[in-house]
Amino acid sequence: MHDSILTYAKSRYLWISIVLCVVSIALYVWHDPAVAPNGGTWLGYTLGTIAALLIVWLMLFGIRKRSYATNMGTTRGWLSAHIYLGTSLILITLLHCGFQFGWNLHTFALVLMLIVIFSGFFGVYAYLRYPTLMTRNRESATRDAMLEEIGEIDQNALNLADGIAPEIHAVVLRSIENTKLGGGVMTQLRARDGSDIAIAKIRSAMEQRETQLGAAPAPMQAGQTMLLMVDFLAGRADDKQAEALRKLIDMLSRKRSLATRVARDIQYQAIMEIWLYIHVPLSVTLLAALIGHIVSVFFYW
């Protein structure tokens, strides 16, 4: 039976986190300080110490997952503990401060911690959802294999277009030049192959030519424009050219499908990684804020 990071070792760290939270709540309810509950009571210091140690330990996961030769538990076990104990921090920290907030370094550290934790929640969602989508999208092929096939299709399509007509060759060449997979962050997240500019130009040229011939321009989707251009020019092709055009249409259809899958694969990977650009830097900032919080508490103690 598949053992995910959430059910690792029969959900061992879930139960540890539950026990930790229940004990913390019980102590908070039992505790009867002379003043309102806050971080300055013995329970506040105790829970604060536990929370601080947890934060430092959770940050060690970044080191553990890069340590391949170690006997300090499995990476999956560390990640499972990272998720559940990190979640328990929300309650422990709130009990530590007695639900008292203000415009100060202490609340700033708390807010940072919550942002880090909730960005981690998105990371858990991404790692549980997107690997399956990536496997399904790839259809048993790797991204490198799909890119290699796209390159072969481009070369074969150009060779085939050379024997049809200059217009067809120009269309295929423009498609190849403008098919760009990957790119900046927003391009990756939009899952586009970068050929939209060329497609728009081709669509405009087709509409102008249809208008000159007295035909009403038909509505077209961006992904269909290049194929419709080939169909449009096929009206004046001989039998040999028409057969070559049919093969070219099949090639371009296959390329479009592959390009869409590669763009989607890049999108899924970008979604799985982009949250780390929030989670990791803010974790380091949280550690600095935690040190400042501890130093200021003992300075005014």
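Could you grab the pairs with beta carbons closer than 8 Å, sequence gap of 6+ or different chains, first residue in the range 285-301 and assigned by TED's automatic domain parsing to the domain that holds Ile117, second one in a helix (DSSP H, G or I) and among the aromatic types (Phe, Trp, Tyr)?
Qualifying pairs under 8 Å: Ala289/Phe108.
Considering (1) assigned to a helix (DSSP H, G or I); (2) in the same structural domain as Ala244 (by TED's automatic domain parsing), say which one Leu110 fails and leave the rest.
(2)
For the range 179-188, enumerate the residues that are open to solvent by 40 Å² or more (accessible area, probe 1.4 Å), touching a residue at least 24 places away in the same chain (Cβ under 8 Å) and not hydrophobic (A, V, I, L, M, F, W, C).
If the condition is that a residue be open to solvent by 40 Å² or more (accessible area, probe 1.4 Å), touching a residue at least 24 places away in the same chain (Cβ under 8 Å) and not hydrophobic (A, V, I, L, M, F, W, C), then Gln188 is the only one that fits.
Considering every residue within the range 44-64, establish whether at least one is open to solvent by less than 80 Å² (accessible area, probe 1.4 Å) and among the basic types (Lys, Arg).
Looking for residues that are open to solvent by less than 80 Å² (accessible area, probe 1.4 Å) and among the basic types (Lys, Arg), one finds at least one in the range 44-64, hence yes.
So Gly151 ticks every box in (1) small (Gly, Ala, Ser); (2) without any contact (Cβ under 8 Å) to a residue 40 or more places away in the chain; (3) over 15 Å from Ala259 (Cβ atoms) but one. Which box is left unticked?
Looking at each condition in turn, Gly151 falls short on (3).
I'm checking my understanding of the structure. Among residues of the range 129-153 that are open to solvent by 80 Å² or more (accessible area, probe 1.4 Å) and in a helix (DSSP H, G or I), which one is nearest to Gly292 (Cα to Cα)?
Arg129
In the same structural domain as Val124 (by TED's automatic domain parsing), small (Gly, Ala, Ser) and either touching a Phe, Trp or Tyr at 6+ places or on another chain (Cβ under 8 Å) or free of Cβ contacts under 8 Å to residues at least 24 places away in the same chain (or both): does that describe Ser80?
Taking the combined requirement at face value, the residue satisfies it.
Could you tell me whether Phe118 is more than 30 Å from Tyr300 (Cα to Cα) and either surrounded by fewer than 14 Cβ atoms within 10 Å (Cβ to Cβ) or of a type outside the set (Val, Ile, Thr) (or both)?
Yes, satisfied.
Under 7 Å by Cβ, and 6 or more places apart or on different chains, what pairs join a residue from the range 244-264 that is open to solvent by 80 Å² or more (accessible area, probe 1.4 Å) and assigned to a helix (DSSP H, G or I) with one that is of a type in the set (A, V, I, L, M) and at pLDDT 90 or above?
Arg254/Ile153
Counting only residues that are touching a residue at least 40 places away in the same chain (Cβ under 8 Å) and surrounded by fewer than 17 Cβ atoms within 10 Å (Cβ to Cβ), which one in the range 154-173 is nearest to Leu54 (Cα to Cα)?
Only one residue tops the list, namely Asn156.
Looking only at the range 15-38, how many residues end up being part of a helix (DSSP H, G or I) and surrounded by 13 or more Cβ atoms within 10 Å (Cβ to Cβ)?
Count: 9.
Quick check on Ile176: is it at pLDDT 95 or above, within 30 Å of Ile266 (Cα to Cα) and either acidic (Asp, Glu) or surrounded by 17 or more Cβ atoms within 10 Å (Cβ to Cβ) (or both)?
When the stated conditions are applied, Ile176 does not pass them.
Residue check, Ala191 against (1) surrounded by fewer than 15 Cβ atoms within 10 Å (Cβ to Cβ); (2) farther than 21 Å from Arg246 by Cα, all met but one. Which one?
Checking Ala191 against (1) surrounded by fewer than 15 Cβ atoms within 10 Å (Cβ to Cβ); (2) farther than 21 Å from Arg246 by Cα, the one that fails is (1).
Might you let me know whether the range 20-42 holds any residue that is of a type in the set (A, V, I, L, M, F, W, C), closer than 28 Å to Trp275 by Cβ and in contact (Cβ under 8 Å) with a residue 60 or more places away in the chain? Quick ask: steps written out before the conclusion?
Start the filter on the range 20-42 by keeping residues that are of a type in the set (A, V, I, L, M, F, W, C), which leaves 20-23, 25-27, 29-30, 34-36, 42.
Within this subset, residues satisfying the condition of being closer than 28 Å to Trp275 by Cβ are 20-21.
Checking which are in contact (Cβ under 8 Å) with a residue 60 or more places away in the chain leaves us with 20-21.
Yes, the range 20-42 contains at least one residue that is of a type in the set (A, V, I, L, M, F, W, C), closer than 28 Å to Trp275 by Cβ and in contact (Cβ under 8 Å) with a residue 60 or more places away in the chain.
Report the residue count in the range 93-112 for those that are touching a Gly at 6+ places or on another chain (Cβ under 9 Å) and either open to solvent by less than 30 Å² (accessible area, probe 1.4 Å) or not hydrophobic (A, V, I, L, M, F, W, C) (or both).
The number of residues fulfilling the criteria is 8.
Residue-wise test of (1) open to solvent by 40 Å² or more (accessible area, probe 1.4 Å); (2) part of a helix (DSSP H, G or I).
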| position | (1), (2) |
| --- | --- |
| Tyr13 | yes, yes |
| Gly40 | yes, no |
| Arg66 | yes, no |
| Asn71 | yes, no |
| Ala81 | no, yes |
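All but one of (1) within 19 Å of Ala289 (Cβ to Cβ); (2) part of a loop (DSSP other than H, G, I, E, B) hold for Val56; state the number of the condition that does not hold.
The one condition Val56 does not meet is (2).
The values are calculated or read from the model by the stated rules, or taken from the named source; none is laboratory data. A quick note: this is a predicted structure, and the numbers were derived from the prediction, not measured. A quick note on method: Cβ atoms are made from the backbone with ideal geometry, for glycine too, and the neighbour counts reach across all protein chains shown. These accessible areas exclude ligands, DNA and RNA; they are computed on the full protein's heavy atoms, side chains included. Shrake-Rupley method; radii C 1.70, N 1.55, O 1.52, S 1.80 Å.
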